[in-house]
Amino acid sequence: MKWKRFVAMAGLLALGPAAALAAPKALSVQVKKGDLRDKPSFLGAIVATLEYGARVELLEEKGAWQKVVPEGGGSAGWIHASALTRKRIRLAAGKQDAEVAASSEEMALAGKGFNKEVEAEFKTRNKDIDFTWIDRMERWRVSSEQMQAFLKEGAVEPAEGGAE
């Protein structure tokens, strides 16, 4: 009887890693808006947009990029791993509006090692620097469509992976 239990356990252990690899990996979008792109690059064309908390299934990984498909169907695309989490995100009905994710501005500042307080302190310590044009440039907005048209017109083909 013990040998049957041993054989069964050995079989489960042998299948365990294979079963884990074959099982789909579900992830949640952890940013306010997650853009799915046609290639693993921030310069790839946006094929779909996912909202905070959306569940996706992992199809493939390439560096810091993950190819996913939304649960329930939709366009597959590439999204940066920093926009995803393994945790299931549940939004509670009836709650007050809450800050549940970083804004794109906060993400950009964090990527540069800045936040509003750090930037304010830098400006205070460097009063002789004129930030007028920097402030103006930060207000410029370029849509994804404008960026794609610019790249196409200039025959620019970003290296695979883009800005990882």
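The values are calculated or read from the model by the stated rules, or taken from the named source; none is laboratory data. All values derive from a computational prediction rather than experimental measurement. So basically every Cβ, Gly included, is an ideal-geometry build from the backbone, and we count neighbours across all protein chains shown.
Computed values, structure above
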{"read-out": "Matching residues, region 122-142, being closer than 30 Å to ILE46 by Cβ and at pLDDT below 85", "value": "ILE134, ASP135, GLU138"}
{"read-out": "Pairs with Cβ under 9 Å, 6+ apart, first in region 136-147 and in contact (Cβ under 8 Å) with a residue 40 or more places away in the chain, second surrounded by 10 or more Cβ atoms within 10 Å (Cβ to Cβ)", "value": "SER144/ASP35; SER144/ALA45; SER144/ILE46; MET147/LEU43"}
{"read-out": "GLU119 vs. criteria touching a helix residue (DSSP H, G or I) at 6+ places or on another chain (Cβ under 8 Å), assigned to a helix (DSSP H, G or I) and modelled with pLDDT under 95", "value": "yes"}
{"read-out": "Contacts under 7 angstrom Cβ, first residue in region 111-123 being outside the structural domain of PHE42 (by TED's automatic domain parsing) and farther than 14 Å from GLU138 by Cβ, partner at pLDDT below 65 and surrounded by 11 or more Cβ atoms within 10 Å (Cβ to Cβ), 6 or more apart", "value": "ASN115/LEU109"}
{"read-out": "Spans of strands (runs of 3 or more DSSP E) in region 20-79 with at least 2 residues at pLDDT below 90", "value": "none"}
{"read-out": "Tally, over region 26-47, of residues that are crowded, with 17+ Cβ neighbours inside 10 Å, of a type in the set (A, V, I, L, M) and free of Cβ contacts under 8 Å to residues at least 60 places away in the same chain", "value": "2"}
{"read-out": "Options ALA163, ALA102, ALA98: the member that is modelled with pLDDT under 80 and more than 19 Å from GLN30 (Cα to Cα)", "value": "ALA163"}
